[in-house]
Structure formats: structure tokens, C-alpha cells
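*Asks:* Questions regarding the structure given below will be posed in turn.
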Amino acid sequence: MPRFRTSSHERSEFNNGKHRFEHWYRDNTVYFITAKCRDGYPAFQSHEAKLIFFDRFDHYANEFGYVPWVTTLLDNHYHSLGFLRIGENLGKMMQRLHGSVSKLVNDLLPERRLPFFRNGNLNDYFDGCIPDPLQCRRAYKYTLTQCSRHKICGNYPDYPFTHVRIDLERGIARALELKAFLYDVHYPRYGPKR
């Protein structure tokens, strides 16, 4: 079985009847990753800010072995679906990605935004291990269609900040070969046991 561990900033397992938020570090896994700028601020509104994001994203994805299948960036958030061979690399990749993007994009903004990425629960990003091909198809389509969902443009090929690097069916076939879905870990976050 691949290496697997979790981390959380919360000490107790449950908070107000809900399971605490955790980052999962699991080898050989298809991940969905998303983050939003604090307070929904449109920090990536400019073309230059979007170019900075993708420059840093591509750099750190390559450095830490994350293979993005599809990634989209809007004015205040991004989504990415891809494969990560070494789960422990996720935290380091996200720390460096968010740190460098925050610094470089803040240099363009009229006022500094710190923290740059953060929601109300002190989480800088959400990561989800994809449990099966059905959920993979849903996450891929969700990421691919963000520009039309947000009424930026009607078709993703016309939006320069949706990057498709791996065809969905090719990615799923490879993930099945590598046993990269979450079949072997059962957790309420992903529904009932299979």
C-alpha cells in the first residue's frame, strides 16, 4: 500500500459535529487541488498576474512531481486535477507555490494582501484524493468548465487560462494502471465504503 498520512491544524477530530479539515499526503494518487484568494479578492484579475501564477505553478509542479491534467485560473481562485507520485511533496509544493505567487502578485497590487490565500477556517488550500473514475470525470469536467460556469467565455478552448495537459480518458487509463484511485482508503469525506 502507498505511504499515507494526514495533517490538520485542529487538534480534535470533530468540531461542531463535523470532521476536522485534513490535508492528505498519499503516494501514487490523483488529486484535486483548489485555493481561493482571501475574501474572494480578484488578485489574478490582470493578465500579468495570471502569467505569474502559471509560471510558478508549472515550476513547482515539475519540481515536486505533480503531473497536472487540467488546471484553470480565474480572477480569485484556481482548480487543478492531476497525479502526484510522492504524497509528502504536496505540502512543500503548495507552500512554495503559494509563497512565491503571493509575493510576486502582491508586488502588482495596489495594497498587500496577507494572508493571500486563506478561507475562514485557516486553510490555504483544499486537497482531495480522487476515489474512483466517476469522481475523476466529475472533477475534470468541473475544472474544465470553470470559465463558462463563471460566464467569462462560453468554451474552455477560448479561455487562455484553462490548461489541458492530459486527456481525461488517457489520464483515467493510466491512473487505473497505477492503482492511483482511493479504493483502499475508506473515509466519510468520500462517501460510504465500497
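The values are calculated or read from the model by the stated rules, or taken from the named source; none is laboratory data. All figures in this text were calculated on a predicted structure; none of them were measured in a lab. Glycine also receives a Cβ, built like all others from the backbone with ideal geometry; neighbour counts cover every protein chain displayed. Side chains are part of the model used for accessible areas, which takes the heavy atoms of the whole protein and leaves out ligands, DNA and RNA. Shrake-Rupley method; radii C 1.70, N 1.55, O 1.52, S 1.80 Å.
*Asks:* Taking the Cβ of Leu73 as the centre, find all other residues whose Cβ is under 13 Å away and add up their charges (Lys, Arg: +1; Asp, Glu: -1).
*Replies:* That works out to -1.
*Asks:* Compute the accessible area per residue over the range 79-149, keeping the other protein chains in place, probe 1.4 Å, unit Å². Present the calculation step by step, with values, prior to reporting the outcome.
*Replies:* Details: 3300 Å² over 71 residues.
So the range 79-149 comes to 46 Å² accessible per residue, rounded to a whole number.
*Asks:* Here's another thing I want to ask about it. Anything over 27 Å Cα to Cα? Flag those among Lys36/Lys179; Lys50/Lys151; Lys50/Lys179, in the order listed.
*Replies:* Lys36/Lys179; Lys50/Lys179
*Asks:* Still on this model: Compute the Cα gyration tensor for the range 67-142, then decide on rounded, prolate or oblate, letting a ≥ b ≥ c be the square roots of its eigenvalues: rounded whenever a/c is under 1.5, prolate when a/b is larger than b/c in the other cases, and oblate in all that remain.
*Replies:* Taking the square roots of the gyration eigenvalues as a ≥ b ≥ c, the range 67-142 is prolate.
*Asks:* With Cβ to Cβ distances under 14 Å as the rule, what net charge do the other residues near Gly40 carry (K, R +1; D, E -1)?
*Replies:* Computed value for this residue: +2.
*Asks:* Sorted by average packing, counted as other Cβ atoms within 10 angstrom per residue and highest first, what order do 100-112, 78-90 take? Before the final figure, lay out the partial values.
*Replies:* Numbers: 100-112: 14.3, 78-90: 20.8.
Output ranking for 100-112, 78-90: 78-90, 100-112.
*Asks:* Between rounded, prolate and oblate, where does the range 43-194 land on the alpha carbon gyration tensor, with a ≥ b ≥ c its root eigenvalues, rounded for a/c under 1.5, else prolate if a/b exceeds b/c?
*Replies:* prolate
*Asks:* Also: Around Asn106, under 12 Å between beta carbons, what's the net of Lys plus Arg minus Asp minus Glu among the other residues?
*Replies:* +2
*Asks:* Provide the packing ranking of 64-71, 143-150, i.e. peptides ordered by the mean count of other C-beta atoms within 10 Å per residue, highest first.
*Replies:* Result, highest mean Cβ count within 10 Å first: 64-71, 143-150.
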